[in-house]
Each structure stands twice: as C-alpha cells, then as structure tokens.
Amino acid sequence: MVRVYLLLIVVCFACPLLHGQTKDTIKDFMIITYIDEPPIFNGELKDFIEKNLKYPTCAPGDSIEGKVIISYWIDTNGVTINHEVIRGLTKNFDEEALRVTKLIRYEKPAMQGDKPIMVRFVVPVEFKRNRKK
C-alpha cells in the first residue's frame, strides 16, 4: 500500500514537469504540411542542373543513362544542406549528381508566416549520353 502512495506522489509531481517539456518540444519542432511561400530559385532549376552537369567518364563505349534522385534540405538562408542519394545509378553518377546539387542556392528560403523555415526538396538529376549543351 505504501508503494502505491509513493508511486502516486511521484506521478503527481513528475507530470507537470513532463508536460512542460513536451510543450516546448512541440513548439520547437513543428511539422509543417503546408508552406505559405515556397523557396525561390533564380531561374529554372532544371536548366541550372543541366548546365553544370558533367557526364562521368566511364569505360570507353559505356552508354549509361538514367536519373539519380537527390534529397536535400533548404535552410533558412536558402543554402542546400544534408544532400543524400535516394536512388542512384553508379558511384560516379551519384557523386556527380551530389556535386551539382551542392552548387544550388536559393534566392529566398521558404517562408511560414513572416519567418524563414527549412524545407526538404527532392530533385531528379538526369543523365543523357548525347544531351545538347
């Protein structure tokens, strides 16, 4: 019986403390499903990628084509960070896709209300053997 009272006292004093921590955590790490203003890239992102992309030098006669899917975050300054290959082709193609996407800078970050926010972005990087320059 003493154990039950002791447990009840501990729970009564711990709950307000836990509630306060949960409230702060939720406030600091809100999940946003709708963005008031998306990030702004100066120009066409697809054109930027194509202009800066270099077809990796592989074995002679190699004709690999396809898409590498890259994920990255756009921070509150418009800088891309935490780049990751979601779906790749080969090591050389994946590294080139990462290199190009790390060059991307946004003119304006995403906005929620009047505050800049971080958002995740996924972009395909397409490799074509005989693309126009």
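Residues that are surrounded by 15 or more Cβ atoms within 10 Å (Cβ to Cβ) and part of a helix (DSSP H, G or I) were ranked within region 93-110; the one that is farthest from the chain's Cα centre (by Cα) is F93.
Can you work out which of the residues in region 73-92 that are at negative phi and touching a Phe, Trp or Tyr at 6+ places or on another chain (Cβ under 6 Å) is surrounded by the most Cβ atoms within 10 Å (Cβ to Cβ)? Checking each candidate, the answer is I74. Would you call E65 modelled with pLDDT of 85 or more, charged (D, E, K, R) and closer than 27 Å to N92 by Cα? The answer is yes for E65.
The values are calculated or read from the model by the stated rules, or taken from the named source; none is laboratory data. Small disclaimer: the values here were computed from a predicted structure and weren't measured. In this analysis, Cβ positions are derived from the backbone assuming ideal geometry, glycine residues included, and neighbour counts consider all displayed protein chains.
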